[in-house]
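Worksheet for the structure shown next.
The values are calculated or read from the model by the stated rules, or taken from the named source; none is laboratory data. Note that this is a predicted model, so its numbers are computed, not measured. Backbone-built Cβ (ideal geometry, glycine too); neighbour counts: all protein chains shown. The area values use the complete protein model at the heavy-atom level, side chains included, leaving out ligands, DNA and RNA. Shrake-Rupley method; radii C 1.70, N 1.55, O 1.52, S 1.80 Å.
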Amino acid sequence: MLISRKKGPRQPLSLSLGGDALEQVEVFKYLGVLISSSLNWSPHVNAVCTKARKLLGLLYRRFYGLMDPSCLIELYKTLIRPHLEYAAPVWSPHLARDIANLEKIQKFALRICLNSWDTDYCNLLEHTGLPTLESRRKYLKVVTLHKIYHGQFYFPPGFLTPHRGRSNYSSPFSINHPFAKTNAYYFSFFPSTIGIWNKLPSWCHSSDSSSSVFRNYLTSLFT
């Protein structure tokens, strides 16, 4: 795979390994995530939505009408939503169409669970107490950054540097926001999450990521 910022058709490269020619591809699956040569996450989002629809079909055929809504919602949260969130901090989309496609999956799932086919999405969320998938991804991104910052996840040292100079951020844990020339980088994990991180109160930065106070605060923030 050739990852490049150049627009227009790219000339295929002739690469070989051990005398065997390597096939050049536009999309490659790595650790369950589809990475495209343009760093566009739409192929992965489309694949995730397709898989989730199949699982929803199974949920509908096997359990619809046999369980009460609360049980069906638990099945959705346990068996289907994890597929919509696997490695989400990495591929969290910024394109409106990708965000909408993911939300449509949850909307359909909640309509199945509640047997309420005409209710709009906002009322479905309010009735079930579930946040949007977009809010969930923001939550997961901040929790992941918190663990990286405090060394719970390994990451090469020196990437996250303290914010220096004049700023509106009062927390000593504020992180320098990296400069981004492209949308692909600007909306990627670190630039997009650091922007949220720097607006959090300092007690949130220094708290234990597993504490209920920390997680409840983030939950209330992203609902």
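Out of all the residues in region 151-174, is one or more over 15 Å from the mean Cα position of the chain (by Cα) and either within 30 Å of Asp120 (Cβ to Cβ) or at pLDDT 90 or above (or both)?
In the first step, residues of region 151-174 are kept if they are over 15 Å from the mean Cα position of the chain (by Cα); the result is 151-174.
When the remaining residues are screened for being either within 30 Å of Asp120 (Cβ to Cβ) or at pLDDT 90 or above (or both), the result is none.
No, the conditions are met nowhere in region 151-174.
Within region 193-212, track down each residue that is buried (at least 17 other Cβ atoms within 10 Å of the Cβ) and either in a helix (DSSP H, G or I) or of a type in the set (Val, Ile, Thr) (or both).
Thr193, Ile194, Trp197, Cys204, His205
Report, by residue number, each residue of region 64-84 that is of a type outside the set (A, V, I, L, M) and exposed (fewer than 15 other Cβ atoms within 10 Å of the Cβ). Give the derivation first.
If we filter region 64-84 for residues that are of a type outside the set (A, V, I, L, M), which is where we start, we get 64-65, 68-71, 74, 76-78, 81-83.
Listed by number, the residues that qualify are Tyr64, Gly65, Asp68, Ser70, Cys71, Glu74, Lys77, Thr78, Pro82.
Just checking, does region 12-31 include any residue being surrounded by 11 or more Cβ atoms within 10 Å (Cβ to Cβ), modelled with pLDDT under 95 and of a type in the set (Asp, Glu)?
yes
Mind telling me which of the residues Asn176, Asn183, Asn216 ends up being out of contact with any helix residue (DSSP H, G or I) (no Cβ under 7 Å at 6 or more places or on another chain) and over 22 Å from Ala87 (Cα atoms)? Outline the logic, then answer.
On the way: Asn183 fails: over 22 Å from Ala87 (Cα atoms); Asn216 fails: over 22 Å from Ala87 (Cα atoms).
Result of the check over Asn176, Asn183, Asn216: Asn176.
Between Leu55, Leu59, which is of a type in the set (A, V, I, L, M), on the phi < 0 side of the Ramachandran plot and open to solvent by less than 40 Å² (accessible area, probe 1.4 Å)? Can you show your working first?
Numbers: Leu55 fails: open to solvent by less than 40 Å² (accessible area, probe 1.4 Å).
Only one candidate passes the filter, namely Leu59.
Does Thr132 meet the test of being surrounded by fewer than 14 Cβ atoms within 10 Å (Cβ to Cβ), under 25 Å from Asn216 (Cβ atoms) and among the β-branched types (Val, Ile, Thr)?
In short, no.
Can you pull out every residue in region 135-152 that is of a type in the set (Ser, Thr, Tyr) and either within 14 Å of Ile194 (Cα to Cα) or open to solvent by 30 Å² or more (accessible area, probe 1.4 Å) (or both)? Write out each step before concluding.
Step one: list which residues in region 135-152 are of a type in the set (Ser, Thr, Tyr), which gives 135, 139, 144, 149.
Scanning region 135-152 gives Tyr139, Thr144, Tyr149.
Does any residue of region 85-96 turn out to be open to solvent by 70 Å² or more (accessible area, probe 1.4 Å) and acidic (Asp, Glu)?
Of region 85-96, the ones open to solvent by 70 Å² or more (accessible area, probe 1.4 Å) are 86, 90, 94, 96.
Imposing the further condition that a residue be acidic (Asp, Glu) reduces the set to none.
Checking region 85-96: not a single residue is open to solvent by 70 Å² or more (accessible area, probe 1.4 Å) and acidic (Asp, Glu).
Which one of these does Leu55 not meet: (1) closer than 18 Å to Thr132 by Cα; (2) over 13 Å from the mean Cα position of the chain (by Cα)?
All conditions pass for Leu55, except number (1).
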